[in-house]
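Right, one structure below, let's go through it.
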Amino acid sequence: MSDWRAGPRKRVSREQEAFQRQHFSEYKTWRRMRDRCLTPTCHDYQEYGARGITVCERWRQSFSAFFEDMGPRPEGLTLERTNNNGNYEPGNCKWATLKEQSRNTRKNHLITFAGKTMCLEAWAQHLQIGESALRERLMNWPLEWALSLPPKPGIPLSERIHERS
């Protein structure tokens, strides 16, 4: 397996090649990470490299360094940047579930209340109410009420407003 795309080709030793084969899942993740940040012809480049997101020098140069820092990919997890506007580097990457990743995107509207910042889905789960009920609360109530009143099944939101008046 020689490195192609994202820079000049490099010959790899038989030991490196064997290591890459042994850790093929992580190797594919590393290749895709590099491609989306460093290869303008990659279909994901506009969302990564074109936005200025890059790969740290250590990881850019070496799959072994990436693997040493990240470790084996646990079953069912994928590579995530904790700060999705930050670079691929040891302090900003982790293995995460798809659910975790869906809550950490630029498209999510984050809501901060009482020192916690979460997306709508996470707040709804935290409050143990449906997302549509929380969305309605946020459109009709002050933020403090929307995120602090416990759910009362069967009682319309319009009647609940009078509880805090």
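3J(HN,Hα) along the stretch 132-141: 5, 5, 5, 4, 5, 4, 5, 6, 10, 10 Hz, from the Karplus curve 6.51 cos²θ - 1.76 cosθ + 1.60 with θ = phi - 60°, whole Hz, x for Gly and Pro. Each listed q (0.11 Å⁻¹) maps to a log10 I(q)/I(0) for the stretch 14-102 from the Debye sum over equal C-alpha point scatterers, namely -0.29.
Amide H contacts under 5 Å for CYS93: THR82, restricted to partners 5 or more places along the chain or on a different chain, H placed in the peptide plane at 1.01 Å from N. Taking the Kirkwood radius as Rh and the Cα radius of gyration as Rg, the stretch 30-156 has a ratio of Rg/Rh equal to 1.11. Backbone geometry of the stretch 109-123 corresponds, through the Karplus equation with coefficients 6.51, -1.76 and 1.60 at θ = phi - 60°, to 3J(HN,Hα) couplings of 8, 8, 10, 10, 8, 6, x, 10, 10, 8, 7, 4, 4, 5, 5 Hz, x marking Gly and Pro.
Where a number appears in this text, it was derived from the coordinates with a stated rule and is not lab data. The structure displayed is predicted, hence computed values, not measured ones.
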